[in-house]
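The values are calculated or read from the model by the stated rules, or taken from the named source; none is laboratory data. Given the structure is predicted, the values throughout are model-derived calculations rather than measurements. FYI the Cβ positions are ideal-geometry reconstructions off the backbone, even for glycines, and counts take in every protein chain you see.
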Amino acid sequence: MADPLALRVLTAEGLALEDQAVSVIAPGELGYLGMLRNHAPLVTTLAPGLLTWRRSGGQTQRRRIGAGLLEVAHNQVTILTDAVAEAPAAPDLTGIRYLRVSDTGKP
């Protein structure tokens, strides 16, 4: 597997999160943006939303973040934000049955 990205999230109180990731998805002002290793240098504003990253072992991590700034440079993603909070776990959809549009309401 490729070397991971370094992910750092900073608030006014200091370092809130530091991890390694193979991919990062952040809530940009104009929509979500994704970053992989060797991403072009970038500085952009962030909207409040869900920060998601995947570790090299395949585990997905999530945090809610407030508005802020994101910088990508030299395989490091740095986020400056006003708030970081635990995000709810992704729902387990294994037991849900889907209906086709043509179904007549019978399960």
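Is it fair to say V43 is at pLDDT 95 or above, part of a strand (DSSP E or B) and touching a His at 6+ places or on another chain (Cβ under 7 Å)?
For V43, the condition - at pLDDT 95 or above, part of a strand (DSSP E or B) and touching a His at 6+ places or on another chain (Cβ under 7 Å) - is not met.
Just name the residue that is nearest to E86 (Cα to Cα) out of those in the range 50-68 that are among the hydroxyl-bearing types (S, T, Y) and loosely packed, with under 15 Cβ neighbours inside 10 Å.
T60
Pull up the range 24-38, narrow it to residues that are buried (at least 17 other Cβ atoms within 10 Å of the Cβ) and not β-branched (V, I, T), then point me to the one that is nearest to the chain's Cα centre (by Cα).
Once the filter is applied, the top-ranked residue is A26.
Quick check on my filter: what residues within the range 1-40 are basic (K, R) and part of a loop (DSSP other than H, G, I, E, B)?
Once the filter is applied, which keeps residues that are basic (K, R) and part of a loop (DSSP other than H, G, I, E, B), the range 1-40 yields only R37.
Could you tell me whether any residue of the range 87-94 is surrounded by 14 or more Cβ atoms within 10 Å (Cβ to Cβ), hydroxyl-bearing (S, T, Y) and out of contact with any helix residue (DSSP H, G or I) (no Cβ under 7 Å at 6 or more places or on another chain)?
No.
For the range 46-55, state whether one or more residues are in contact with a Gly (Cβ under 6 Å, 6 or more places away or on another chain) and either of a type in the set (F, W, Y) or not in a strand (DSSP E or B) (or both).
Scanning the range 46-55 turns up at least one residue that is in contact with a Gly (Cβ under 6 Å, 6 or more places away or on another chain) and either of a type in the set (F, W, Y) or not in a strand (DSSP E or B) (or both).
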